[in-house]
Amino acid sequence: MKMPQFRVRNWGMVAFVLWATAAARAEVPITHWTQPGGAQVYLVQSTVLPMVDVQIDFDGGSRRDPADKAGLASATASMASRGLAAAGAEPALDENALGEAWADLGASFGASVSADRMGFSLRSLTDPELLPKVVALAARQLAHPAFPAPVWQRERDQWMAALREADTRPATVAAKAFAAAVYGAHPYGYQTGEASLARIGVADMQAFYAQTVRRCSAKVSIVGNVSQAQADALVTQLLARLAPSASATGCAALPPVADVAPMAQPGSVQTIPFASAQAHVLIGQPGIRRNDPDFLALTVGNYVLGGGGFVSRLMAQVREKRGLSYSVYSYFAPGLHAGAFTVGLQTRPDQAAQAVALVQEVVARFVADGPTAQELQAAKDNLIGGFALRLDSNRKLLDNVANIAWNGLPLDYLDTWTASVERLSAEDVRQAFARVLRPQDMVTVVVGGRDQVP
């Protein structure tokens, strides 16, 4: 019974080698169409392996959580795999029976949630006798999750216990305080806690699921050994059990989510006492949306600033020259709204003030001056040289296609990525950072070493 799973894993290892070779020299043609029911489909045909990977995304991420029920989207996605309700002549399946059904097929299907979307991923061999059975089971799971109350009680208790344990760690305390400072009342800053989980019941999850998982709003990304006709039929079968749009004009829009507001206390410093050997430091501000026109310039520039590991400016100044931290990093977390720009490090509590001042100085200088020509070229060489590794498996390629679909990026985004990076100048990077970042307004959170930071 486990043999099909073993075969899938081994095909994946073969794919790693073949895709690394193919992606480095070939374009990635994406075919896009919209089905009559409203679902948008994005297909990359790959004949390398007899496999297909599918990602189905809906506007149902944690940004859709009610303020008093933070965690609802995550709970809903988790419970969607905990059993199937009876449908017609099909009997109900508990979570164990559902797991066995997928194991028997040697395929996988599961749900996940990010800040912006709820997604369902399917992986299967494309054997003509196997694939229809796989798609039929996935369609049933997509349309008829059971949301059993006893299982939710068990999962909620375990989740609450995990949250209590996480709150004993300084990194968790720092992350919560930083999110609250950067996002304020925006859903990106909501914190799942015991109180919010206690308010979530099965009826809440059922209502959230019905609002989210709609045929007319699905964005379906496919990578695998299927033709366009086969892909279209596959999507039709996957979504067939979902209710059609109730509106004659198409998919009814969900309520809008407001943009991230300016920070209530720009430039503030929070020092939170904590009995830990290291002070945890987070510095940042709201950053950019994923579809920002300067996304690539900011990506390349951040490699120089703090995303390039041991070759970044922050690492050179904070670790190599001053010895203030073992590691220091920076990153942008863009989404449908302005995700945070973050600088993070750990240091001795008595060095926290010095480390914070140094990071602020390095960031301010980079925003003002941008990268040197040598730094820019090194960043380009590294990012372009590693680009093929982003496409070296069906799963990685699928993630990239789903990113294009979700964020409305051009279909040739992957084909033009290298040339777009190569065209960037140091001035392009400088202008992008100067437009987006305001070093003097960034908030700072230090957990541990309360008396060492002004």
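Scan region 330-357 for residues that are crowded, with 20+ Cβ neighbours inside 10 Å and part of a strand (DSSP E or B) and the total you get is 11.
Please determine whether any residue of region 331-348 is free of Cβ contacts under 8 Å to residues at least 40 places away in the same chain and closer than 30 Å to F120 by Cα. Yes, the conditions are met somewhere in region 331-348. Selection of region 178-231 for residues being of a type in the set (D, E, K, R), farther than 19 Å from R140 by Cα and outside any helix (DSSP H, G or I) yields only R199. A count restricted to region 269-279 and to residues that are assigned to a strand (DSSP E or B) and either within 17 Å of Q360 (Cβ to Cβ) or of a type in the set (G, A, S) (or both) stands at 4.
Quick check: anything in region 361-371 over 29 Å from L409 (Cβ atoms) and either of a type in the set (D, E) or modelled with pLDDT under 95 (or both)? Checking region 361-371: at least one residue is over 29 Å from L409 (Cβ atoms) and either of a type in the set (D, E) or modelled with pLDDT under 95 (or both). Among the residues here, G250 qualifies as more than 30 Å from V446 (Cβ to Cβ), in contact with a Cys (Cβ under 7 Å, 6 or more places away or on another chain) and not polar (S, T, N, Q).
Annotation: of all residues in region 208-248 being touching a Lys or Arg at 6+ places or on another chain (Cβ under 9 Å) and aliphatic (A, V, I, L, M), the one that is surrounded by the most Cβ atoms within 10 Å (Cβ to Cβ) is V223.
For region 166-177, the set of residues classified as assigned to a helix (DSSP H, G or I), free of Cβ contacts under 8 Å to residues at least 12 places away in the same chain and not β-branched (V, I, T) consists of A166 only. Among the residues of region 418-454, those that are surrounded by 21 or more Cβ atoms within 10 Å (Cβ to Cβ) and assigned to a helix (DSSP H, G or I) comprise V429, A432, F433.
What number of residues within region 364-400 are surrounded by 15 or more Cβ atoms within 10 Å (Cβ to Cβ) and either part of a loop (DSSP other than H, G, I, E, B) or out of contact with any helix residue (DSSP H, G or I) (no Cβ under 8 Å at 6 or more places or on another chain) (or both)? Selection size over region 364-400: 6. Determine, yes or no, whether D415 is surrounded by fewer than 17 Cβ atoms within 10 Å (Cβ to Cβ), in contact (Cβ under 8 Å) with a residue 12 or more places away in the chain and under 26 Å from A218 (Cα atoms). Spelling it out, D415 is indeed surrounded by fewer than 17 Cβ atoms within 10 Å (Cβ to Cβ), in contact (Cβ under 8 Å) with a residue 12 or more places away in the chain and under 26 Å from A218 (Cα atoms). A count restricted to region 302-324 and to residues that are under 19 Å from D350 (Cα atoms) and crowded, with 23+ Cβ neighbours inside 10 Å stands at 1.
Each row is one residue, and each column tells you yes or no for (1) closer than 28 Å to L336 by Cβ; (2) surrounded by fewer than 20 Cβ atoms within 10 Å (Cβ to Cβ); (3) free of Cβ contacts under 8 Å to residues at least 40 places away in the same chain.
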site	(1), (2), (3)
V135	no, no, no
A143	yes, yes, no
P148	no, yes, no
R164	no, yes, yes
G193	yes, yes, no
A203	yes, yes, yes
Q206	yes, yes, no
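Determine, yes or no, whether R319 is more than 25 Å from A171 (Cα to Cα), assigned to a helix (DSSP H, G or I) and of a type in the set (K, R). Here the answer is no, as R319 does not meet what is asked. If I filter region 178-191 down to residues being among the small types (G, A, S) and crowded, with 17+ Cβ neighbours inside 10 Å, which single residue comes out as nearest to V269 (Cα to Cα)? In this case the residue turns out to be A181. When we screen L282, L324, L314 for residues that are part of a loop (DSSP other than H, G, I, E, B) and either assigned by TED's automatic domain parsing to the domain that holds E422 or closer than 15 Å to L437 by Cβ (or both), the only hit is L324.
The set of residues in region 219-235 being farther than 14 Å from Q55 by Cα and either of a type in the set (V, I, T) or in the same structural domain as G408 (by TED's automatic domain parsing) (or both) consists of V226 alone.
The values are calculated or read from the model by the stated rules, or taken from the named source; none is laboratory data. If you're wondering where the values come from, they're calculated on a predicted model, not measured in any experiment. Reconstructed Cβ throughout: ideal geometry from the backbone, glycine too, with neighbour counts over all protein chains shown.
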